[in-house]
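One structure is given here, and the rest of the page talks about it.
Every number here is computed from the coordinates shown, using simple stated rules; none is lab data. Given the structure is predicted, the values throughout are model-derived calculations rather than measurements.
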């Protein structure tokens, strides 16, 4: 069980996978289909323990990422070749923030779709100059939204299968 929990934490730390894939991987037993045709054997761990641990890991990850971007993000901003990518990320998250404020970043993080999550959310919040405290609140709310949605879907699938 401990090895399974460690593995799910490591999956949670992978960009684009995060808790969207680690929760189903941890909770479902049997074959779990990932994008690009990859099939992995689900671990069938205790749902309460694994989901709680994954959500806490994702919240902490978002906090560390924002600190990382605060300290080293200026290096990305100086590079010409990153300008188009950075502007695209800034525009994407600005739409949410302009409309909903701090809750906009929370929704951006909380929508369990590709391109959203704590990696994109923390970087986008850094790009628009969000205060650390505001981002931490948005990160907490967003991860809880995403974790709740994915957990609910996973548990329904577990009962249905």
Report task. Using only Cα atoms, locate the centre of segment 73-118 and the centre of segment 3-25, then give the distance between them in Å, rounded to an integer. Result -> 23
Requested in this report: Quick one: angle between helix 118-127 and the longest Cα principal axis of the chain, in degrees between 0 and 90, rounded to 10, please.
Outcome: 10
Report task. Specify the angular offset, from 0 to 90 degrees and rounded to the nearest 10, of the alpha carbon long axis of helix 83-100 from the longest principal axis of the alpha carbons in the chain. Result -> 80
**Report entry** Relative compactness, segment 2-160, computed as alpha-carbon Rg over 2.2 N^0.38 Å
**Finding:** 1.07
